[in-house]
Amino acid sequence: AAGVIQSPRHLIKEKRETATLKCYPIPRHDTVYWYQQGPGQDPQFLISFYEKMQSDKGSIPDRFSAQQFSDYHSELNMSSLELGDSALYFCASSVAGDSGYEQYFGPGTRLTVT
Amino acid sequence: GQQLNQSPQSMFIQEGEDVSMNCTSSSIFNTWLWYKQDPGEGPVLLIALYKAGELTSNGRLTAQFGITRKDSFLNISASIPSDVGIYFCAGQDSTNQFYFGTGTSLTVIP
């Protein structure tokens, strides 16, 4: 079965640079979520999109922005990178089912800021 | 944001033993999900629960949605070495936002 695709899988950037992470949801999934996970931490919700519109906002810094495109893929844009932005970034997708929502996660992008 | 209390934080068990972990919340959730995460990988959905009192199994895994809708537990029976990993609960509230538990690190000793 098709899964969530994220690219790149690994990214190394320097402080103050910008980064763009991409997420391709499972086909026919209409909702995309972005999470940040630091070492030994649980995933922290950043932002979500439903049908290309922002639906919820979590602890996303103002330096970050995201959008969902007409083909439902999503991009997380990160500017003025800081050392503390080093983390695993996960995208998850879901679609409303008969009972509720099930979130399926991608393999993640490991961002290292040096 | 909301934080789910997940316990225990870590477990060291012998192969073949049963495992139980739980999550509690201060507010009501409409959905409970249980995930397993291997190092450097994305969380993999194990079980989804949608109704209070619901008991669902997936192989050796069994999870329940608490009657109060503020808690859930996950049981793993007859543990095997490949059960090693970090298990997360996640709850979805009435605004459809998901919150994650703090994780339970499971180590299975052969």
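The values are calculated or read from the model by the stated rules, or taken from the named source; none is laboratory data. All figures in this text were calculated on a predicted structure; none of them were measured in a lab. A quick note on method: Cβ atoms are made from the backbone with ideal geometry, for glycine too, and the neighbour counts reach across all protein chains shown. Surface accessibility is based on the protein's heavy atoms, side chains included, excluding ligands, DNA and RNA. Shrake-Rupley method; radii C 1.70, N 1.55, O 1.52, S 1.80 Å.
Some observations on this one:
- Test: residue in the range B:14-36 that is within 9 Å of chain A (Cβ to nearest Cβ), in contact (Cβ under 8 Å) with a residue 24 or more places away in the chain, assigned to a strand (DSSP E or B) and aliphatic (A, V, I, L, M): yes
- For the range A:55-83, a residue qualifies if it is loosely packed, with under 13 Cβ neighbours inside 10 Å and out of contact with any Asp or Glu (no Cβ under 9 Å at 6 or more places or on another chain), and the qualifying residues are A:LYS57, A:SER59, A:ASP62, A:SER70, A:ASP71, A:GLU82, A:LEU83.
- The residues listed here are B:THR102, B:THR31; of these, the one that is open to solvent by less than 50 Å² (accessible area, probe 1.4 Å) and modelled with pLDDT under 95 is B:THR31.
- Entirely in the range A:55-114, the strands (runs of 3 or more DSSP E) that have 1 or more residues that are facing chain B (nearest Cβ under 9 Å): A:87-94, A:109-113
- Selection count where residues are under 22 Å from A:THR114 (Cα atoms), open to solvent by less than 70 Å² (accessible area, probe 1.4 Å) and of a type outside the set (Gly, Ala, Ser), scope the range A:23-42: 3
Residue-by-condition table, conditions (1) of a type outside the set (D, E, K, R); (2) touching a strand residue (DSSP E or B) at 6+ places or on another chain (Cβ under 6 Å):
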| site | (1), (2) |
| --- | --- |
| A:THR18 | yes, no |
| A:LEU21 | yes, yes |
| A:GLN36 | yes, yes |
| A:ASP42 | no, yes |
| A:PHE49 | yes, yes |
| A:SER74 | yes, yes |
| A:SER79 | yes, no |
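- One residue stands out among those in the range B:68-82 that are outside any loop (DSSP other than H, G, I, E, B) and open to solvent by 10 Å² or more (accessible area, probe 1.4 Å): the one that is farthest from the other protein chains (Cβ to nearest Cβ), which is B:PRO81.
- Evaluation of A:ALA19 against (1) more than 21 Å from B:ASP38 (Cβ to Cβ); (2) more than 13 Å from chain B (Cβ to nearest Cβ); (3) open to solvent by 20 Å² or more (accessible area, probe 1.4 Å) (one fails), failing number: (3)
- Of all residues in the range B:83-95, those satisfying the criterion of being in contact (Cβ under 8 Å) with a residue 12 or more places away in the chain, open to solvent by 30 Å² or more (accessible area, probe 1.4 Å) and within 14 Å of another protein chain (Cβ to nearest Cβ) are B:ILE86, B:SER94.
- Answer from B:GLY91, B:GLY59, B:GLY85 - the residue that is at pLDDT below 95 and of a type in the set (Gly, Ala, Ser): B:GLY91
- Screening the range A:8-46 for residues that are more than 24 Å from B:GLY85 (Cβ to Cβ) and hydroxyl-bearing (Ser, Thr, Tyr) and picking the one that is farthest from the chain's Cα centre (by Cα) gives A:THR18.
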